[in-house]
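The values are calculated or read from the model by the stated rules, or taken from the named source; none is laboratory data. These numbers were taken from a predicted model, which means no experiment stands behind them. Cβ coordinates were reconstructed from backbone atoms using ideal geometry, including for glycine residues, and neighbour counts include every protein chain displayed.
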Amino acid sequence: MTASSSASSSAFWLGVLLRQFPELNRELAPSRTARPAAERTPRSGRPPSAPIRLFVSDTIRDITDGVVELEEAVCDRLRLPHPPRGTVEQRLLRLLALLDRGITADPLLADHVRAESRRMARRCSRALGDAETPVRVRGRCPHCDSVSLRVFPHRETVLCINPGCRCADPSCTCTTDDRHRHAWPRDRWQQLTETIAADLTELTAAADEEDSAG
């Protein structure tokens, strides 16, 4: 993977962290007006319990320490001043800003930022009960012409999430099953991007190889 691709992938995973980390704190410390913990059900559908709250707490601590260490390592590698104190969100924004200020030009650093940001983002998703975070694909579905294509990074598959999507193949299951979703596995992405004029590099950056997850 090139440094540019690593940086694009880093931007994706840092963005996931930036969106989801605040949700961890809300899971751990619900508002006073919320229902008692015994009556609440997380998004995963699992009943709340002490082990789950402990897992969330451990995840918050792991990501907080990880983001601090990552920013310090980046600044040290780029010979920048020691980063000031800040919240996890502030540090993530500073890391995103540094992608174009030196990270992209350093292949080893770009790979490290990608690996660490992905590891932390996936742990955050697991703590929130999310199997994975789909990413919108530029371009329209070749079957229904809707802006409903999403790449699911863990499965390395692009799906059309439009429930009304129908194709021209009379033998396709979409004609008889409303739950059917047209899918494009990774080996068909080249053909798909050529059809919808999308960016193959951007698509593959969002779906890093599962076997390299940290």
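Tabulated results
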{"read-out": "Scope segment 176-193; condition surrounded by 12 or more Cβ atoms within 10 Å (Cβ to Cβ) and among the hydroxyl-bearing types (Ser, Thr, Tyr); matching residues", "value": "THR193"}
{"read-out": "Matching residues, segment 111-142, being buried (at least 19 other Cβ atoms within 10 Å of the Cβ), at pLDDT 90 or above and closer than 29 Å to PRO163 by Cα", "value": "CYS141"}
{"read-out": "Helices (runs of 4 or more DSSP H) (entirely within segment 49-148) containing at least 2 residues that are within 30 Å of ASP199 (Cα to Cα) and hydroxyl-bearing (Ser, Thr, Tyr)", "value": "107-127"}
{"read-out": "Every pair of residues 6+ apart whose Cβ atoms lie under 9 Å, when the first sits in segment 181-195 and is among the β-branched types (Val, Ile, Thr) while the second is modelled with pLDDT of 90 or more and not in a strand (DSSP E or B)", "value": "THR195/PRO142"}
{"read-out": "Test: residue in segment 33-56 that is surrounded by 12 or more Cβ atoms within 10 Å (Cβ to Cβ), modelled with pLDDT of 75 or more and out of contact with any Phe, Trp or Tyr (no Cβ under 9 Å at 6 or more places or on another chain)", "value": "yes"}
{"read-out": "Meets criteria (surrounded by 19 or more Cβ atoms within 10 Å (Cβ to Cβ) and closer than 18 Å to TRP13 by Cα) for PRO107", "value": "no"}
{"read-out": "The listed residue being modelled with pLDDT under 95, among the charged types (D, E, K, R), assigned by TED's automatic domain parsing to the domain that holds LEU28 and surrounded by fewer than 19 Cβ atoms within 10 Å (Cβ to Cβ), out of ASP100, ASP76", "value": "ASP100"}
{"read-out": "Some residue of segment 157-172 being in a loop (DSSP other than H, G, I, E, B), modelled with pLDDT of 90 or more and closer than 27 Å to LEU17 by Cβ", "value": "yes"}
